[in-house]
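Each remark here refers to the structure printed beneath this line.
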Amino acid sequence: MAQEPSCLLRAAMIQSSPEITFRHPLNPDSEVHLRMLSRATGMQRAGVSVGRLAPGRESFIYHFHRHQEEWIYILSGRGVAEIGDESFEVGAGDFMGFTAPSPGHSLRNPFDQDLVYLMGGESTNFEVGVFPRHGKRAIFDGDSAHIVDDGDLTPFTPRAK
């Protein structure tokens, strides 16, 4: 029997892979458990993960991306998606696609069962995530990331030669 290619992740492999727990530093209710699918296959230009939110938890923080598109597809459970100034109950089979720049959004689980979803988007070396309710931004540059206060940013106009 041929050895399976590294681009194929079987369901059993995904289920047995360790979950990475992420907590957003600006949101004490943030605790999402992730299984990185695309990285496990060597993909570099798109990110795809399985996310799991336990009851009472939130994924990240209300945010939007300046340059990268993002999407979420609910696999099981229920949650509340905040998009712009409105909240929507979401459940299995619901899809959210966020263009760049997108409306602000966040996902939380106020219900009594885990919320499980696929999430993904572009994976580029540079990105700016905006946290409009906190007056902060995350600047991603290669392998480094920094959170800065909007008030500390100094605008400038590059001069043409």
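A few comments on the model shown:
- Restricting segment 126-161 to residues that are at pLDDT below 90 and of a type in the set (G, A, S), the residue that is surrounded by the most Cβ atoms within 10 Å (Cβ to Cβ) is G142.
- Cβ-Cβ distances below 7 Å connect the following pairs, each with a first residue in segment 139-152 that is in contact (Cβ under 8 Å) with a residue 60 or more places away in the chain, a second residue that is part of a strand (DSSP E or B) and not charged (D, E, K, R), and a separation of six or more residues or different chains: I147/A138.
- Output for segment 124-147, where each listed residue is among the acidic types (D, E) and assigned to a strand (DSSP E or B): E127, D141
- Unmet requirement for G84, which otherwise passes all of (1) under 20 Å from F22 (Cα atoms); (2) at pLDDT 95 or above: (1)
- Within segment 53-109, the set of residues being surrounded by fewer than 17 Cβ atoms within 10 Å (Cβ to Cβ), outside any strand (DSSP E or B) and either among the acidic types (D, E) or touching a residue at least 24 places away in the same chain (Cβ under 8 Å) (or both) comprises A54, P55, G56, R66, H67, E69, D85, D94, T99, A100, P101, P103.
The values are calculated or read from the model by the stated rules, or taken from the named source; none is laboratory data. No experiment lies behind these values; they were computed from the predicted model shown. Cβ coordinates were reconstructed from backbone atoms using ideal geometry, including for glycine residues, and neighbour counts include every protein chain displayed.
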